[in-house]
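> Here it is: the structure, laid out below.
The values are calculated or read from the model by the stated rules, or taken from the named source; none is laboratory data. Predicted model, so just to flag it, every value in this text is computed and none were measured. Please note: Cβ atoms are built from the backbone with ideal geometry, for glycine as well, and neighbour counts cover all protein chains shown. To get the accessible areas, we keep the full protein, side chains included, count just its heavy atoms, and leave off ligands, DNA and RNA. Shrake-Rupley method; radii C 1.70, N 1.55, O 1.52, S 1.80 Å.
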Amino acid sequence: MAISSPGVGSGLDVNSIVSQLVALERKPIANIQSQIGSLQSSVSAWGQIKAGLAKLQDAAGKLATASTWQALRAQSSAPDSVSVSAQTGAVSGQYTVQIQALAQAQSTRTMAFNLGEQIGEAGRLEISSGQWSGGLFTPGSGSPVSISIAATDTLSTIASKINTADAGVRAVVVRSGNEERLVLRGTNTGQTNGFEIRAFDTANNLVTDTSTGIGRLAFFEDGGGPVGQTLVQNAADAQATVEGIAVASASNTFDNVLSGVSFTANAVTSQPVTLTVSDDRDSMRKAIEDFRTAFNDLSRTIRDLTRSDPTGQGNGPLRGDSAAIGILTMLRRYVSDTVSGNTPATLNEAGVSFDRNGQLVTDATRLDAALANPQGLAGLFGNGGVGERLRNFARDALTASGSASARERSLQDTIKRKNQEIDRINERVQRTETALRAQYTMLDTKMAGYSGLSSFINQQLASWSANKR
């Protein structure tokens, strides 16, 4: 089979001709791709605007939230001894607290055992939680926890069993020289979180001899007081006085003594400690500053993206974009709004105003004065005020039908159509290239035939001329 190559027979450079013609057909694609690049820059720019709107929505939303202006701070004159925090419902003021005793958990210890000594008697322990009072034990509402003991168990084995049983006590073995003791401590402090331990033999009889065998692990009330293990520490509530009134807590934290105020006793105090509850102006100021930063960032972003440079070198990707410019115009309008009947009535009165560059700045003196009236700021920003309006505007712009999302989606749709146009051009170019190659191949074949005929005629003429001589 003969191998053909276009142009070989005729000398016509078919590949070069076709390639140049196809390149001309493809030329519009470069222009469309440039348009797509510009559109993608615009989509990216709208992504920046949407991110700024989301940040502004959060910041403005915090200003519109009533709890922002109800924030309180609590301070202690001796935080190492008494720490304090304030929640919703707290009342501003000063409170005097003194700590007489810290809460504690019950603790007991067994008599000394030789190291690794086995208990020597099988049976079970029954651990109950409750309250000791005057040597008498009153069980709590929970059921006793039963723990099986083998005669070969050591104190370490027994401690592991107690800890695994989740019986309201923790066990540890303390070693000293050639001796060891089992020490038990309640997992919770407070006088109602004491514990009793009764020992039973394998016949389920109560073991009352606490000097031998499994009875050495017992600590129970026998009608005349506790017997068995040695009591190291009673379970007890924390004791304090608030404004001279005695109060108690099972833990060292007092949650329900002062409305909205929680304080924790860290040490016994010899002198009263002053707890001060006041408006948390620092958190309020931060909310305003966060809003100012979010607004300024978004304002600067839109201004840069829509910038128009007379030289054409510094144009923003959204130069002249009416939707972007419209968002900035509306934001500035909302910031300048007046809330009728409120004091302060405007952001400017609250110490936040525009500078010559259109950025929000704060006047510390006026802002401090406004912060002294949190309810006034709540009225300025919330319940139809400036913060709520800005939050709603940003939220609406970010919805699927909002201006920012709609503009971004329109650009993406345009990019999609441009890519489809490129696909159509490529398909047309492919068909054109196929047709051109067929035409020029046919022309090449004909020209090759003409070239062969010309060579034959020339040969005949040369032969005829030679014969005439």
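> Please go through segment 215-256 and give me each residue that is in a loop (DSSP other than H, G, I, E, B) and open to solvent by 40 Å² or more (accessible area, probe 1.4 Å), ordered by number.
Across segment 215-256, the qualifying residues are 222, 223, 224, 234, 243, 244, 250, 251, 252.
Yes/no matrix, rows are residues, columns are (1) open to solvent by 30 Å² or more (accessible area, probe 1.4 Å); (2) of a type in the set (Ser, Thr, Tyr):
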| site | (1), (2) |
| --- | --- |
| 261 | no, no |
| 266 | yes, no |
| 298 | no, no |
| 306 | no, yes |
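> Another question, then. Looking at 186, 213, which one is in contact (Cβ under 8 Å) with a residue 24 or more places away in the chain and either within 44 Å of the chain's Cα centre (by Cα) or in the same structural domain as residue 248 (by the TED database) (or both)?
The unique qualifying residue is 186.
> Need the failing condition index for residue 166 against (1) in contact with a strand residue (DSSP E or B) (Cβ under 7 Å, 6 or more places away or on another chain); (2) free of Cβ contacts under 8 Å to residues at least 24 places away in the same chain, just the number.
(1)
> Right, something else. When residues of segment 302-317 are filtered for being within 20 Å of residue 329 (Cα to Cα) and hydroxyl-bearing (Ser, Thr, Tyr), how many remain?
Within segment 302-317, residues that are within 20 Å of residue 329 (Cα to Cα) and hydroxyl-bearing (Ser, Thr, Tyr) number 2.
> Which residues, counting only those in segment 182-214, are assigned to a strand (DSSP E or B) and either open to solvent by 80 Å² or more (accessible area, probe 1.4 Å) or touching a Phe, Trp or Tyr at 6+ places or on another chain (Cβ under 7 Å) (or both)?
Correct list: 185, 186, 194, 196, 197, 198, 206.
> Oh, and also: If you scan segment 91-145, which residues turn out to be under 30 Å from residue 258 (Cα atoms), open to solvent by 50 Å² or more (accessible area, probe 1.4 Å) and either of a type in the set (Val, Ile, Thr) or outside any strand (DSSP E or B) (or both)?
Once the filter is applied, which keeps residues that are under 30 Å from residue 258 (Cα atoms), open to solvent by 50 Å² or more (accessible area, probe 1.4 Å) and either of a type in the set (Val, Ile, Thr) or outside any strand (DSSP E or B) (or both), segment 91-145 yields 91, 92, 96, 102, 141.
> Would you confirm, using the coordinates I've provided, whether residue 265 is within 30 Å of residue 76 (Cα to Cα) and either in contact with a strand residue (DSSP E or B) (Cβ under 6 Å, 6 or more places away or on another chain) or not acidic (Asp, Glu) (or both)?
Yes, satisfied.
> Here's a follow-up. Take residue 409 and tell me if it is among the charged types (D, E, K, R) and under 19 Å from residue 70 (Cβ atoms).
no
> Okay, next question. Checking the condition of a type outside the set (Phe, Trp, Tyr) and touching a Ser or Thr at 6+ places or on another chain (Cβ under 8 Å), which residue from 292, 300, 285 passes?
Matching residue, one of 292, 300, 285: 292.
> Additional query: Of all residues in segment 148-166, how many are modelled with pLDDT of 95 or more and over 20 Å from residue 120 (Cβ atoms)?
3
> What is the number of the single condition among (1) loosely packed, with under 14 Cβ neighbours inside 10 Å; (2) at pLDDT below 75 that residue 443 does not meet?
For residue 443, the exception is condition (1).
> For segment 326-336, which residues satisfy the criterion of being open to solvent by 80 Å² or more (accessible area, probe 1.4 Å) and either free of Cβ contacts under 8 Å to residues at least 12 places away in the same chain or not charged (D, E, K, R) (or both)?
Listed by number, the list holds a single entry, 333.
> Moving to a separate point now. If I go through segment 58-115 residue by residue, how many of them are under 30 Å from residue 290 (Cβ atoms) and of a type in the set (Phe, Trp, Tyr)?
The number of residues fulfilling the criteria is 1.
> When segment 229-281 is examined, which residues are found to be more than 27 Å from residue 193 (Cβ to Cβ), over 39 Å from the mean Cα position of the chain (by Cα) and in contact (Cβ under 8 Å) with a residue 40 or more places away in the chain?
Scanning segment 229-281 gives 243, 244, 271, 272.
> Pairs please, first residue from segment 44-57 and within 12 Å of residue 397 (Cα to Cα), second anywhere and of a type in the set (Asp, Glu), Cβ atoms under 8 Å, 6+ apart in sequence or on different chains.
46/408; 50/408; 52/297
> When segment 146-160 is examined, which residues are found to be in a strand (DSSP E or B) and within 16 Å of residue 198 (Cβ to Cβ)?
146, 147, 148, 149, listed by residue number.
> Give 398, 411 a once-over and let me know the one that is in contact with a Phe, Trp or Tyr (Cβ under 9 Å, 6 or more places away or on another chain), under 27 Å from residue 300 (Cα atoms) and at pLDDT 75 or above.
The unique qualifying residue is 411.
> Looking at 276, 293, 301, 329 in this structure, which one is not small (Gly, Ala, Ser) and not in a helix (DSSP H, G or I)?
Sole residue among the options that is not small (Gly, Ala, Ser) and not in a helix (DSSP H, G or I): 276.
> Select from segment 337-361 the residues that are within 14 Å of residue 295 (Cβ to Cβ) and in contact with a strand residue (DSSP E or B) (Cβ under 8 Å, 6 or more places away or on another chain) and write down the one among them that is most open to solvent (accessible area, probe 1.4 Å).
354
> What helices (runs of 4 or more DSSP H) completely inside segment 340-420 contain at least 3 residues that are under 30 Å from the mean Cα position of the chain (by Cα) and assigned by the TED database to the domain that holds residue 298?
374-381, 386-398
> Filter segment 40-87 down to residues that are crowded, with 17+ Cβ neighbours inside 10 Å, more than 26 Å from the chain's Cα centre (by Cα) and closer than 21 Å to residue 407 by Cβ, then give me how many there are.
Number of matching residues: 2.
> Please go through segment 376-395 and pick out each residue that is modelled with pLDDT of 95 or more and of a type in the set (S, T, N, Q).
Correct list: 392 only.
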